[in-house]
1. Can you give me the Rg/Rh ratio for the stretch 45-107, using Cα atoms for both radii and the Kirkwood formula for Rh?
2. Tell me, 34, 78, 58 in order of fewest to most beta-carbon neighbours within 10 Å?
3. Tell me, what are the semi-axes, in whole angstrom and largest first, of the equivalent ellipsoid of the stretch 3-155 as set by the roots of 5 times the Cα gyration tensor eigenvalues?
4. Taking Cα atoms, how many degrees apart are the long axis of helix 63-79 and the longest axis of the chain, rounded to 10 and kept between 0 and 90?
5. Between 0 and 90 degrees, rounded to the nearest ten: what's the tilt of helix 10-22 against the longest Cα principal axis of the chain?
6. Determine, from the Cβ-Cβ distance of residue 38 and residue 102 and an R0 of 35 Å, the FRET efficiency 1/(1 + (r/R0)^6), rounded to the nearest 0.05.
């Protein structure tokens, strides 16, 4: 059976991001400044400012940070479809296109390409000042995620 929406709201996207940032783990320390600009069903736009601790030794945004943004972006795209529990990663990839320096604002455009019974597919584009910084894809196993009580979606 495929999922059916119980109720949709961008509030859930904010709630999921808040959960990432307050749980005390990796996301809290790496991206506390990530903020949602817009959320609608299947699509989320967020942004963050590149800070000194985001840089590599060449003073450009670290690729590991951008990979983390692809991970979080994919999860937020799934939250926009009604999942509080956004599953677990099965595959993630990123192509680095251009760097970003300290002080630049990076825009994150995350899209849920497909939400199925077992797997979900997302694509994420990162840009700054009108130029593409990176693009990625994130696949997640979601079959067990449908059971979470804070979801706004359920299986038929």
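Any read-out appearing in this document is the output of simple, stated calculations on the displayed coordinates, not a laboratory observation. Because the structure is a prediction, the values reported are computed rather than measured. Counting neighbours? That spans all protein chains shown, and the Cβs are built from the backbone with ideal geometry, glycine included.
1. 1.02
2. Working: 34 21, 78 29, 58 7.
Sorted ascending by nearby Cβ count, the order is 58, 34, 78.
3. 27, 15, 13
4. 30
5. Relative to the chain, helix 10-22 is tipped by roughly 60 degrees.
6. Numbers: r = 25 Å, r/R0 = 0.72.
The formula returns an efficiency of 0.85 here.
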